[in-house]
Each structure stands twice: as C-alpha cells, then as structure tokens.
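Contents: one structure, followed by commentary.
No lab work stands behind these numbers, since they all come straight from the coordinates. Note that this is a predicted model, so its numbers are computed, not measured.
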Amino acid sequence: MERDIMADTAAKTTKPRKPAAKRTTTTTNNGGTTAAAAVTTRTNRAEAKSRFNAALEEARAGAAALGAEARERVTGYTGQARTRGGDFAGDAKTKAVGLARDGKTRASEALTSLSRVVNENATTIDDNLGQQYGDYARSASRKLEEAGQALESKSVEELGEDAREFVRKSPAAAVGLAALAGFLLARILRR
C-alpha cells in the first residue's frame, strides 16, 4: 500500500527529464581533448545536479504526503478510540448502577429477613437464657429492621457518600470491615 502511495506521489510530482547530451570529443594530434569536451563535461555535471535535485524534491514531496496521510489516520483513529471509550464507559456505568441497585435491594431484604428470624427466636432466648438476653435479641432485631429500611430508602449515590464519610471519620474501622467483608466473600466463593 505504501508503495502504491509513493508511486502515485512520484507520478504526480515527476518532471519530464531532458535527454542526455551527446558527447562530442575531438582529439588533437597529441591525444588531448579540446575545449568542447570540457564544456560537455560541465553540461553533464549540471544536468546530473539538476536530476539529483529533482529527485530530492520528489522524495521530499513524497515524505510530506506520507506524513500528512499518517497525521490524518492518527487523527481518525484517535477520534474512533475516544468514541468507543466513551461508549464503553457509559455502558459500564449503566451496568454498575443496575448491579448496585440490585445489591442494595438484596441486602435490605436480607437484613429485614434476618431481623424477623432474630425476633421470632427472642422468645426461645427468653426461655433458655433469660429475659435480659431476649431483650437484647429484640433490640438487635429492631436495629436490623431499621438498617434494612434505611438501606432501602437511600439511593446508591447517597450510600456511596455515606460510605466515604464513614471512612473519613473512622478509617481503622473501615479497614477492619473491609477485611471482614473480604474474608466472608472468600469463604462464600470457596464453597
């Protein structure tokens, strides 16, 4: 393809060449050349320089054309990459928001059902361990239910901001929770 481009460029920029000058040499009786031969040599040199300069100009024009074409291609590819990157980023963001909403819904449902289980078992705890431990279970059940409702009522963006604020206020607790979540996730995925 590059050869085709160079050939097209060469065809456009090639100047018609002059035919080579005829060499005329005259010899004298002593075997030397005359002044006409010296003039012919100078003419041949001038013609060779002219042809060489024309070839240089042709090469420069070809290089400039190739450089311009390369810049055009790079500009086109850059635009395509930006467009595709923007499309991929938009798709990823849409999918991430959808997954976050699904996760939020599942987590709130899990907290609510856990609170029901704890509340239902509070009477058993009363009978086996005493009234005080049953009250602890009921209190934990209420807190779990409130946490589930709070999780359901907030948007994903609000939850993200709450998480950032929690990390700023107590980074040690955030690291501990992250480690615990990682441990639990590893246990769940290993099974």
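Remarks
- For region 90-106, 3J(HN,Hα) computed residue by residue from phi via the Karplus equation (6.51, -1.76, 1.60; θ = phi - 60°) reads x, 5, 5, 5, 4, 5, 5, 5, x, 5, 5, 5, 4, x, 5, 5, 5 Hz, glycine and proline entered as x.
- Centroid-to-centroid separation of region 96-141 and region 64-88 [C-alpha atoms, Å]: 57
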